[in-house]
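Take a look at the structure set out below.
The values are calculated or read from the model by the stated rules, or taken from the named source; none is laboratory data. This structure is a prediction, so every number in the text was calculated from the model and none was measured. Don't worry about glycine lacking a Cβ; one is built from the backbone with ideal geometry, like all the others, and counts go over all protein chains shown. Just so you know, the surface numbers come from the protein's heavy atoms only, side chains and all, with ligands and any DNA or RNA stripped out. Shrake-Rupley method; radii C 1.70, N 1.55, O 1.52, S 1.80 Å.
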Amino acid sequence: MTVQLLDRELDRLEGLWSDGLAETYESYLDAVGHFDPEVQPKLALAAALIESGVRLQGLGGRAAPPTTLLTGDLCLARGSRLLADNAPLPVQVAFARAIEAASSAAAAEQPAPALRQLLRQSLGTTR
């Protein structure tokens, strides 16, 4: 991913990159190898942003402070936009279902599913 694109996608989220978003992004790179090379980094970043956004929301845990919630919202919005612009519809739907599973588990006060595993599976969805 070019530095310019990365900078644009991380606008107002720069601190997250050094707080673990970079490692989360790296963890998704091997799951996007079957996509066209130009969208691979975008989809890995989308997954990393969504995972970080869900974590920042504090689903199933203590309520996050308002600024943290807003940062989580921004991560989820940016990740969703990257998916909408670059992922096939089945992948987009699989991501929505993964987020729904995490949210519904939190609402039911049940243990959250392994989000990273769900998102990695979502990247492999073909239909």
Residue 112 and residue 70 label points (each 7 Å along its Cα→Cβ direction) are spaced in nm at 2.2 nm
Phi-derived 3J(HN,Hα) across the range 45-51 with the Karplus relation (6.51, -1.76, 1.60, θ = phi - 60°), rounded Hz, x for Gly and Pro, is 5, 4, 4, 5, 5, 5, 4
Tell me the GluC sites (Glu not before Pro) within the range 1-93 that lie in a loop according to DSSP and have at most 14 other beta-carbon atoms within 10 Å.
38
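Express the accessible area of the chain per residue in Å², computed with a 1.4 Å probe while the remaining protein chains stay in the model.
On the way: 7140 Å² over 127 residues.
Heavy-atom SASA per residue in the chain reads 56 Å².
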Between the DSSP loop rule and a limit of at most 14 other Cβ atoms within 10 Å, which chymotrypsin sites (Phe, Trp or Tyr not before Pro) in the range 1-90 are left?
none
Quick one: Karplus J couplings for the range 64-73, per residue in order, coefficients 6.51, -1.76, 1.60, θ = phi - 60°, nearest Hz, x for Gly and Pro?
7, x, x, 5, 5, 4, 5, 5, x, 4
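When the accessible area of the range 33-127 is computed with all protein chains present and a 1.4 Å probe, what percentage of it is carbon and sulfur? All intermediate terms of the calculation are to be shown ahead of the outcome.
Values: 2830 of 5150 Å².
With neighbouring chains kept in place, the figure for the range 33-127 is 55 percent.
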Evaluated over the chain, the Cα radius of gyration and Dmax, each in Å
13.9, 41
Determine the relative contact order of the range 3-123: mean sequence separation of Cα pairs under 8 Å and six or more apart, normalised by residue count, in whole percent.
24 percent
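Given the -39500 (n - 2.57) contribution per DSSP H run of 4+ residues, what per-residue ellipticity at 222 nm results for the chain, rounded to the nearest 500 deg cm²/dmol? Numbers along the way, then the final one.
Numbers: 6 runs with 82 residues, N = 127.
Taken over the chain, the calculation gives -20500 deg cm²/dmol.
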Quick check: net charge around residue 82, other residues with Cβ under 12 Å of its Cβ, Lys/Arg +1 and Asp/Glu -1?
+2
With x for Gly and Pro, the residue-by-residue ³J(HN,Hα) of the range 27-33, computed from phi through the Karplus equation 6.51 cos²θ - 1.76 cosθ + 1.60 at θ = phi - 60° and given in whole Hz, is 5, 9, 4, 6, 8, 10, x
